[in-house]
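Colleague: Just dropping this structure here.
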Amino acid sequence: MADGRGQVRRRLGLRLWLSAGWLTLLLLAALLAPWISPKDPLAQDLFLARLPPFWMDGTEPGYWLGTDSLGRDVLSRILHGARVAMTVALVAGTLTCVIGAALGLLAGFLRGWVDMVISRLIDIWMAFPPVLFSILLIAVIGPGLGAIILAIVVIDWTRFARVVRAEAMAQGAMDYVASAQVAGRGRTGTMLVEVLPNVLPLIVVLLTLEMGIAVIVEAILSFVNLSISTDDPTWGGMIAEGRTSVHQAWWVLVFPLITLFLTVLSFSQLGEGLKDRFDPVLR
Amino acid sequence: MQLFRAVILRLLTTAVTLSGVAVIVFVVIRVVPGNPIAMMLPPGATDEDVARLTALYGLDKSIFRQFLIWAGGVLQGDFGTSITTRQPVLGLVLGRLPATLELSVMALVIATVIGGFAALTGTRLRGTRSEAAIDVANGMALSVPDFLWGLVLILLFGVLWPVFHISGRVTPSIDLPFTTNFYLIESLVRLRPDLWWDIVSHMLLPALALAIPLAAIIGQVLKQSLKETMHLDYVTLSRTKGYSETHVITREALPNAVLPALTLVGVQFTFLIGGTVIIERLFSYEGLGNMAIDAVINRDLPLIQGIVILFAVIFTGVNLIVDLAYAALNPRLRHG
């Protein structure tokens, strides 16, 4: 049994490191994109359209992962696309987390009418198809990076609120909360000083998962052509373009797809790994 | 009696939720920039034309009045007229609903089969490397959303090894003799295997994309539930009676392990239906979701409203059915 547990921990460790490694790489790519991109991501050249990746015949030097139907360099566009993806992941993820967790904590710990109102809102939100809701919101707010972030926050706060509410309710019923109140802490004090630290590991796990979701939402919105301006390279925009020319130039779809796939997988594996780390049974 | 009261209470909350959805959608889409009336008229239309059309669609009244008129109509089954196609919204939406329902149910069936199989195999092979492999595959299926699985499937089975169709609901050149929009069901009823296969080969990839994450969840929850059941005394007893391990798992443990998985599958099924919006877009499948995205792009307010309300009705309806089924199947709740 002890052996098995050791194996589980090693596997978790590897998974955690690989995910963290890939995400660090992406973050660096996002920060350094203008300096490390081999080509200008927006430069079009119809004479160089649909060049295949470097190991195939008929390539041009410098275009490592080929070009799209307008002759734009795929690798440079992926590197620049990382900027939008990482910004959305970090900013939208954090904002959603703070707002959703705060509402969940209030509902779960204070109960009463606060809980009534927030729970009803969650019910209503859960009755919306999220993708349609986000597309609708972008149509209302207009395109742009800020709009995407706002749409993600408006739609996804319930993910945090639901889980944190349930956890805060469970924590609120525990003896240590009653003891804190007997010891003279006020309700707000108990909530922030006693309950919040115990819910925090859960919030961190949810935050990691949400970052992955935010990247996907951005990609979906770019895919339906409602994300930021069409000039800026985004992974979703590249995928949409690649989808239409998949029979002529598969690499335009494959490379951004692999990047997006690994990114989403990494965020979620990071979250799962952290969850296991925080789980006292496994530790 | 207690169950009856619980059901009434549940119906009331559902009504509150649906009203909330109606209000939010109505308010949100009134803020949409871009005048849909201006988009409908040919260039060179006079101000008078614009005013007449605005009045025709009731867009000249206050938001509150507009809502009352619309809500009153909805309660009588009148969802207004689509701005782009100038046809009644209800007819348009109901015309597309069968496509989305068939796709969702097909995905649910696939997910249940794969997930159930994974859970049973994982339980049967517990402690082996195969179980670990199933767990890893499960984890991956769970981490990646339907949108990405759809793209992966397009590449694998549409391009690399083109065995299935990757766009549309049926080959356009085929003349369909159908009277309903339930193509899949009607092709079966009419005993037309050729049509049935054409439709299935269009639906399989989008359905699979929707099914993969749900299959992983079913696999995970059912396996956990089986694991707990396998420790119970009656299972041990049936094992000492000499039944095979497979018999013990499928006949003794499974019936009791299914219930906890059921509630979760219900909630997850609504997520799956929500996922059809982007999956239908990805596979150019002519369902509700695809129509919804077009409606948003065309600023077709009445149509957007109708589709969102219909989705909300489906979501709350599925949740309601699952809750009632759970209550009916669980003896502790039935007699509690």
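The values are calculated or read from the model by the stated rules, or taken from the named source; none is laboratory data. Remember, predicted model here, so these are calculated numbers, not experimental data. A quick note on method: Cβ atoms are made from the backbone with ideal geometry, for glycine too, and the neighbour counts reach across all protein chains shown. Keep in mind that these areas ignore ligands, DNA and RNA; they rest on the heavy atoms of the full protein, side chains included. Shrake-Rupley method; radii C 1.70, N 1.55, O 1.52, S 1.80 Å.
Colleague: Let me spell it out: the conditions are (1) at the interface with chain B (Cβ under 9 Å from one of its Cβ atoms); (2) open to solvent by 10 Å² or more (accessible area, probe 1.4 Å), and residue A:139 meets all of them except one. Which number is the exception?
Modeller: Every listed condition holds for residue A:139 apart from (2).
Colleague: If I ask for residues that are over 20 Å from residue A:259 (Cα atoms) and either at pLDDT 90 or above or open to solvent by less than 80 Å² (accessible area, probe 1.4 Å) (or both), which ones from region A:1-48 would you list?
Modeller: Within region A:1-48, A:4, A:6, A:8, A:12, A:13, A:43, A:45, A:48 qualify.
Colleague: A follow-up question, please. Can you tell me which of B:323, B:294 is over 30 Å from residue A:142 (Cα atoms), open to solvent by 10 Å² or more (accessible area, probe 1.4 Å) and charged (D, E, K, R)? Lay out the reasoning, then the answer.
Modeller: Values: B:294 fails: over 30 Å from residue A:142 (Cα atoms).
Only one candidate qualifies: B:323.
Colleague: Among the numbered criteria (1) modelled with pLDDT under 85; (2) surrounded by 18 or more Cβ atoms within 10 Å (Cβ to Cβ), which one does residue B:262 miss?
Modeller: If we test residue B:262 against (1) modelled with pLDDT under 85; (2) surrounded by 18 or more Cβ atoms within 10 Å (Cβ to Cβ), just (2) comes out false.
Colleague: Of all residues in region B:1-23 being open to solvent by less than 80 Å² (accessible area, probe 1.4 Å) and free of Cβ contacts under 8 Å to residues at least 24 places away in the same chain, which is nearest to residue B:325 (Cα to Cα)?
Modeller: B:8
Colleague: I need the full set of residues from region B:122-181 which are under 22 Å from the mean Cα position of the chain (by Cα), closer than 17 Å to residue B:212 by Cα and not hydrophobic (A, V, I, L, M, F, W, C), in order please.
Modeller: B:138, B:143, B:145, B:146, B:150
Colleague: Read through the list (1) within 14 Å of another protein chain (Cβ to nearest Cβ); (2) surrounded by 22 or more Cβ atoms within 10 Å (Cβ to Cβ), then give the number of the only condition that residue B:115 fails.
Modeller: Looking at each condition in turn, residue B:115 falls short on (1).
Colleague: Mind telling me which of the residues B:127, B:73 ends up being within 12 Å of chain A (Cβ to nearest Cβ) and modelled with pLDDT under 90?
Modeller: Values: B:73 fails: within 12 Å of chain A (Cβ to nearest Cβ).
It is B:127.
Colleague: May I ask you to say which residue of B:274, B:219 is touching a Pro at 6+ places or on another chain (Cβ under 8 Å), touching a residue at least 12 places away in the same chain (Cβ under 8 Å), open to solvent by less than 50 Å² (accessible area, probe 1.4 Å) and part of a helix (DSSP H, G or I)? Let's see the steps before the verdict.
Modeller: Details: B:219 fails: touching a Pro at 6+ places or on another chain (Cβ under 8 Å).
Every option except B:274 fails the conditions.
Colleague: Since residue A:173 meets every condition but one in (1) at positive phi; (2) away from chain B (no Cβ under 11 Å), which condition does it not meet?
Modeller: Failing condition for residue A:173: (1).
Colleague: Quick one: what pairs do we get from region A:246-272, first residue more than 7 Å from every other protein chain (Cβ to nearest Cβ) and part of a helix (DSSP H, G or I), second open to solvent by less than 30 Å² (accessible area, probe 1.4 Å) and among the acidic types (Asp, Glu), C-beta under 8 Å, 6+ apart or different chains?
Modeller: Pairs found: A:252/A:68.
Colleague: Another question, then. Can you tell me which residue within region A:67-102, out of those that are of a type in the set (Ser, Thr, Tyr) and within 11 Å of the chain's Cα centre (by Cα), is least open to solvent (accessible area, probe 1.4 Å)? Break it down into steps so the answer makes sense when it comes.
Modeller: Within region A:67-102, the subset of a type in the set (Ser, Thr, Tyr) is A:67, A:69, A:76, A:87, A:94, A:96.
Remaining after also requiring within 11 Å of the chain's Cα centre (by Cα): A:87, A:94, A:96.
On the way: A:87: 51, A:94: 62, A:96: 0 Å².
Here the residue is A:96.
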